[in-house]
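Data block below; observations after.
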Amino acid sequence: MMKTEQTCAKCGSEFRCGNLANDTMCWCMDLPSIPPEALSQFQGCLCPNCLKLIAQELKL
Ligand SMILES: [Zn+2]
């Protein structure tokens, strides 16, 4: 079985990755696309909350 729960690299909370879980759509498709430079400091994926915060900080 593939592990579909991801641990957020920023806050440590668990979240579901639609890509890994083979969902038709991942929730991340609904978010503004965040430049990779803004995420390069983190090892791995971030949870919805943290991605939204980063998008807000970048005024995306
Ligand atoms: Zn997080």
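Descriptive notes on the structure:
- Among the residues of the range 43-53, not a single one is in a strand (DSSP E or B), within 13 Å of the ligand (Cβ to nearest atom) and exposed (fewer than 14 other Cβ atoms within 10 Å of the Cβ).
- Residue within the range 20-29 that is loosely packed, with under 10 Cβ neighbours inside 10 Å, within 13 Å of the ligand (Cβ to nearest atom) and either assigned to a loop (DSSP other than H, G, I, E, B) or modelled with pLDDT under 90 (or both) present: no
- Meets criteria (outside any strand (DSSP E or B) and modelled with pLDDT of 95 or more) for G12: yes
The values are calculated or read from the model by the stated rules, or taken from the named source; none is laboratory data. Please read all numbers here as calculations on a predicted model, not as lab measurements. Neighbour counts run over all protein chains shown; Cβ positions are idealised from the backbone, glycine included.
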